[in-house]
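In what follows, a single structure is set out as structure tokens and then discussed.
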Amino acid sequence: MTDQAPDSKLPESKQPAVARPAAPAAAKPAVVASPARREFVVSWLKFAWIAFAASTATALGTCLRFMYPNVLFEPKSSFKAGKPEDYEIGMVDVRWKEKYNVWVVRTVDGIYALLGVCTHLGCTPSWLENEQKFKCPCHGSGFYKSGINFEGPAPRPLERVAIRLGDDGQIVIDKSRKFQQEKGEWNNPDSFLTL
Ligand code: FES
């Protein structure tokens, strides 16, 4: 033992110093989050979870998208075009132009279908009823009602597409089969529906 007991015979000023036990440190008060702070943390966690879920869903969607091929949805190349009596003799019918880019022309002998693609550089001509011709807006090529070119830079007539009468009496036009006049293909019976 190194600590000495105070000598009661000595005056207090001569008493040796005695080490006293240190007073216990005051306990730190527990940190209690205020309601506002707790609410902020909860909101932040919610936001983080939503952001995480959204980014995961986006990534998943992108992965799924790669599993499917790129498909271009275009109108079918073959379609029913009504009955022959729906068409007026001598007229160029434009009812299928917007959807299928095809004109249907009724003559005394039958019906043919012309493709609305200029044979110069592929622009889309318009039918001008007053002038009785197809006119290309790009470089001015003109085509007769028959499809034969007569003005402008187009080097050849418009193309016809396959036409036939279906079992139900309706006209069937098939754009996947084309006929070129300069190759003698307008003589093919599939390029003209004889009535
Ligand atoms: S694309 Fe029709 S005239 Fe040039």
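The values are calculated or read from the model by the stated rules, or taken from the named source; none is laboratory data. The structure presented is a predicted model; accordingly, all values stated were derived computationally and were not measured. All Cβ positions, glycine included, derive from the backbone under ideal geometry; neighbour counts span all protein chains shown. Surface areas here come from the heavy atoms of the whole protein model, side chains and all, with no ligands, DNA or RNA. Shrake-Rupley method; radii C 1.70, N 1.55, O 1.52, S 1.80 Å.
Between Cys123 and His139, what length comes free when the chain is fully extended (0.36 nm per residue of separation minus the Cα-Cα distance, one decimal in nm)?
This chain segment gains 4.9 nm when fully extended.
Among 101-107, 80-86, how do they line up from the highest to the lowest mean number of other beta-carbon atoms within 10 Å? Let's see the in-between values first.
On the way: 101-107: 20.1, 80-86: 14.0.
So the order, starting with the most tightly packed, is 101-107, 80-86.
Probe 1.4 Å, all protein chains in place: accessible area of Leu195 in Å², nearest 10?
Leu195 has an accessible surface of roughly 90 Å² with all protein chains in place.
Could you state the accessible area per residue of the stretch 127-195 in Å², with a 1.4 Å probe and every protein chain left in place?
Accessible area per residue: 53 Å².
Could you sort out which of Lys76/Lys145; Lys83/Lys183; Lys83/Lys133; Lys99/Lys135 sit more than 23 Å apart by Cα distance in this structure?
Lys76/Lys145; Lys83/Lys183; Lys83/Lys133
Taking the full set of protein chains and a 1.4 angstrom probe, give the accessible area of Trp96 in square angstrom, rounded to the nearest 10.
50
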